[in-house]
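Novice: Got a structure for you, questions after.
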Amino acid sequence: TGGLRVALEFLAEHIPAKVYIPNPTWSNHLQIIERSGLRYVEYPYYDPKTRGLNFQGFKRALENANPGSIILLHACAHNPTGVDPTQEQWREIVNVFKERRLIPFFDSAYQGFATGDLDRDAYPIRLFLAEGLQMVVAQSLAKNFGLYGERTGALHIVCRTKEIRDKVLSQVRLIIRAMYSNPPIHGARVVDRILNNPEYFGEWKTELKAVSERIIRMRNLLKDELVALGTPGTWDHIVNQIGMFSYTGLTPQQCEILINKHHVYLIKNGRISMAGVNSKNVSYLARAIKDAVENAK
């Protein structure tokens, strides 16, 4: 959140272009953009019919965006849908950015949580870097390091030359000085120790992979339970989506039944946290979803 706000304040001062955001996106993106003094427009992203990516709509929106537009991208494990472009689709996307001279702004909140592989989850950012694009990356370390409450992350602004870098850094420092002056140091020191110690780094990657694989297992268990119960509809999207969240496709009325009758708490757009599903409650959750689907008016 801090990286997003600092970068958007910088862009508002120096490149006050429209910010294109995926529909849907993390709800706080809207407030941060507005409070930074920028305007946003939505681009097509999620297809409710397929419960997957509306790639053609996404690509067309980029092709029609004005040069210099700021495009907000989720690096991996898109929040709230759990739907990401494939590597082949990312290669098409980066070509449009180059042709239209668009500004990539990556929100990287879940590296390692999407696939369990840090390198694979960083693919789009590294692709854009390899293609020579100047860009912004706001990186959170709250989830993958378990550092909620420590406000630990990083803001990266990739510039074409050292001269541009020095100018950007001086302006960003002015914004930070007036906004919060200095960040907390405890979380940063934890991350520094882990990343710079080969033994700790290896342990962290192993544990991160275990967390990711557990979430994937819960996705498969939930889908299997729903199918075994004969729950109306198709549920492949639960295993096709990735990351901490699943965009279930449940309606607000169905969510109301889950909340009020079964005490299963989720956002009324149908997003559930897969991290909250475990082997002991997955059967109950599946039965509750079946009841909601069958009885919502």
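The values are calculated or read from the model by the stated rules, or taken from the named source; none is laboratory data. All of these numbers come straight from a predicted model, not from anything done at the bench. When we count neighbours, we look across all protein chains shown, and the Cβ atoms used for this are built from the backbone with ideal geometry, even at glycine. All accessible areas refer to the heavy atoms of the entire protein, side chains included, with ligands and DNA or RNA removed. Shrake-Rupley method; radii C 1.70, N 1.55, O 1.52, S 1.80 Å.
Novice: Would you compute the Debye intensity of region 134-281 from its alpha-carbon atoms alone, equal scatterers and no solvent, and pass along log10 I(q)/I(0) at q = 0.11, 0.18, 0.20 Å⁻¹ to two decimals?
Specialist: -0.67, -1.10, -1.21
Novice: Moving to a separate point now. Which aspartates and glutamates, on any chain, are close to Lys280 with Cα under 16 Å apart, when same-chain ones fewer than 8 places away are left out?
Specialist: Correct list for Lys280: Asp224, Glu225.
Novice: May I pose another question? Between Asp119 and Asn269, what FRET efficiency comes out of the Förster formula 1/(1 + (r/R0)^6) with R0 = 41 Å and r the beta carbon distance, rounded to 0.05?
Specialist: Values: r = 31 Å, r/R0 = 0.77.
E(calc), rounded to 0.05, equals 0.85.
Novice: Counting heavy atoms of the protein chains only and a 1.4 Å probe, report the per residue accessible area for region 146-249 as a whole number of Å². Walk me through the numbers on the way to the answer.
Specialist: Numbers: 6710 Å² over 104 residues.
Dividing the accessible area of region 146-249 by its residue count gives 64 Å².
Novice: On a straight-distance basis, which lysines could pair with Lys205 in a cross-link, Cα separation under 20 angstrom, same-chain partners fewer than 8 positions away excluded?
Specialist: Lys143
Novice: Local charge sum around Ala142 (other residues, Cβ-Cβ under 14 Å, Lys/Arg +1, Asp/Glu -1)?
Specialist: Details: positive: Lys143, Arg151; negative: Asp107, Glu150.
Combined, the nearby Lys, Arg, Asp and Glu give 0.
Novice: So, how do all the Cα-to-Cα distances of the chain break down into 5 Å bins, in percent, from 0 on up?
Specialist: Result, from short to long distances: 1, 5, 11, 15, 17, 16, 14, 11, 7, 4, 1, 0, 0 percent.
Novice: Set the bar at 19 Å for Cα to Cα. Now go through Lys261/Lys290; Lys49/Lys261; Lys268/Lys290 and name every pair that lies beyond it.
Specialist: On the way: Lys261/Lys290 13 Å; Lys49/Lys261 27 Å; Lys268/Lys290 16 Å.
The pairs that break the limit, which is 19 Å between Cα atoms, are Lys49/Lys261.
Novice: Let me ask another. Tell me, what HN-Hα J-couplings in whole Hz come from the Karplus equation 6.51 cos²θ - 1.76 cosθ + 1.60 at θ = phi - 60° for each residue of region 7-19, using x for Gly and Pro?
Specialist: 5, 5, 4, 4, 5, 4, 7, 10, 9, x, 9, 5, 9
Novice: Determine the per residue accessible area of region 1-99 with all protein chains present and a 1.4 angstrom probe, expressed in square angstrom.
Specialist: Values: 4390 Å² over 99 residues.
Per residue, region 1-99 has an accessible area of 44 Å².
Novice: Per residue of the chain, what 222 nm ellipticity follows from adding -39500 (n - 2.57) for every DSSP H run with n ≥ 4, rounded to the nearest 500? List each step's numbers first, then the result.
Specialist: On the way: 12 runs with 145 residues, N = 297.
Result for the chain: -15000 deg cm²/dmol, rounded to the nearest 500.
Novice: Then there is this: With an 8 Å cut-off on Cα pairs and a minimum separation of 6 or more residues, tell me the relative contact order of region 97-212 in percent.
Specialist: 28 percent
Novice: Got a number for carbon plus sulfur as a percent of the chain's accessible area, 1.4 Å probe? Can you show the working numbers first?
Specialist: Details: 7730 of 15390 Å².
About 50 percent, which is the carbon plus sulfur part of the accessible surface.
Novice: When only DSSP loop residues count, what trypsin sites (Lys or Arg not before Pro) in region 187-244 have their Cβ near at most 13 other Cβ atoms within 10 Å?
Specialist: Numbers: sites: Arg189, Arg193, Lys205, Lys209, Arg214, Arg217, Arg219, Lys223; in loops: none.
Qualifying residues, ordered by number: none.
Novice: When we measure straight from the Cα of Lys209, which aspartates and glutamates land under 17 angstrom away, once same-chain ones fewer than 8 places off are left out?
Specialist: Partners found: Asp117, Asp119, Asp121, Glu199.
Novice: Continuing with this model, one more query. Relative contact order of region 163-297, please, whole-number percent, based on alpha carbon pairs below 8 angstrom and at least 6 residues apart.
Specialist: On the way: 118 pairs, mean separation 31.9, N = 135.
It rounds to 24 percent for region 163-297.
Novice: What order, most packed first, do the peptides 163-176, 73-86, 268-281 have when packing is the mean number of other Cβ atoms within 10 Å of each residue?
Specialist: 73-86, 268-281, 163-176
Novice: If contacts are Cα pairs under 8 angstrom and at least 6 residues apart, what is the relative contact order of region 1-54 in percent? Intermediate results must be reported in sequence, preceding the final value.
Specialist: Details: 57 pairs, mean separation 19.2, N = 54.
Normalised by residue count, the contact order of region 1-54 is 36 percent.
Novice: Here is a follow-up. Place the peptides 154-162, 109-117 in order of packing, highest mean first, counting for every residue the other Cβ atoms within 10 Å and averaging per peptide.
Specialist: On the way: 154-162: 13.9, 109-117: 22.2.
Ranking, from highest mean packing down: 109-117, 154-162.
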